[in-house]
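Notes to accompany the following structure.
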Amino acid sequence: MIKWVTKLPETEIDTNEYKPFIKNQWFREHYMWFAYALMFLLILPVSLLTTSMNDIPFLLRLGMIIPVFLIHELLHVLVVFRIGDIYLTHSGLFFWLRSDAHMSKIRFLIFMSLPFLVLSVLPLVIKLFYTGPLVPYISYIAWINSIMASSDILNSMLILIKPRNSVFWRGYYKC
């Protein structure tokens, strides 16, 4: 079940069994600054360059952000909707999904990376073989989603360095 704009219910986590997903306390406290830095690095070059995306009318570009966001989050939901509750939470302008499901390393990696792969990598691969009038739109969707997926990208890299048989749950993992 999806719980809209609510936080995960408080639960006792056995820290003898589960370790924090991000072990370093300083990095855990400042994690979002790394995500913001990645967003900035993705926004800056494209906004300074003249690209085919500039051919898309501004209001249409603005209107494409919400559908891309909804599809992005739906792709996350597709991975976990049958194994646990899903909580849509927010902080300021940022929204994200959390699940109370226990996930294997592979499932958690798919959960984190699927929107980036489908909405950023796949469109760029398509763009290599397609040169028609939709190229600016394909590029824009890939770019906007990359910005939205900045935290997912960082999390995916962190998932890859965890042990093979790890199980992830509520920001913790066990081997």
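The values are calculated or read from the model by the stated rules, or taken from the named source; none is laboratory data. Note that this is a predicted model, so its numbers are computed, not measured. Note: ideal-geometry Cβ built from the backbone for every residue, glycine included; neighbour counts use all protein chains shown. Side chains included, ligands, DNA and RNA excluded: accessible areas come from the protein's heavy atoms. Shrake-Rupley method; radii C 1.70, N 1.55, O 1.52, S 1.80 Å.
Going by the alpha-carbon gyration tensor, a ≥ b ≥ c the square roots of its eigenvalues, is region 102-175 rounded (a/c under 1.5) or, if a/c is not under 1.5, prolate (a/b greater than b/c) versus oblate? Judged from the Cα gyration tensor, region 102-175 comes out prolate (a/c at least 1.5, a/b above b/c).
For the chain, the number of Lys pairs with C-alpha atoms closer than 27 Å, counting only pairs eight or more positions apart or on separate chains, is 17.
Here each label is just a point 7 Å from Cα along the line to Cβ, and for PHE58 and LEU124 those points are 2.8 nm apart.
Spin-label model, LYS19/PHE95: points 7 Å from Cα along the beta carbon direction are separated by 3.5 nm.
Would you list THR15, THR89 from the most to the least accessible area, probe 1.4 Å?
Details: THR15 95, THR89 10 Å².
The most accessible residue leads, giving THR15, THR89.
Largest accessible area first, the listed residues HIS76, HIS102 line up as HIS102, HIS76 when surface is computed with a 1.4 Å probe on the assembled protein chains. Shown for the chain are the DSSP H helices of 24 Å or more along their axis, judged by Cα atoms, with a mean Kyte-Doolittle hydropathy of at least 1.0: 58-80. Heavy-atom accessible area for LEU59, with the other protein chains in place and a 1.4 Å probe, reaches approximately 130 Å². Residues in the chain average 62 Å² of solvent-accessible surface per residue, probe 1.4 Å, ligands and nucleic acids excluded.
With all protein chains in place and a 1.4 Å probe, the accessible surface of the chain carries 69 percent carbon and sulfur.
Probe radius 1.4 Å, ligands and nucleic acids left out: which of GLU10, GLU73, GLU17 has the largest accessible area, and how do the rest follow? Let's see the in-between values first.
On the way: GLU10 175, GLU73 25, GLU17 90 Å².
Solvent-accessible surface, decreasing: GLU10, GLU17, GLU73.
Computed extension gain for SER104 through VAL135, at 0.36 nm per residue and net of the alpha carbon distance, reaches 7.5 nm.
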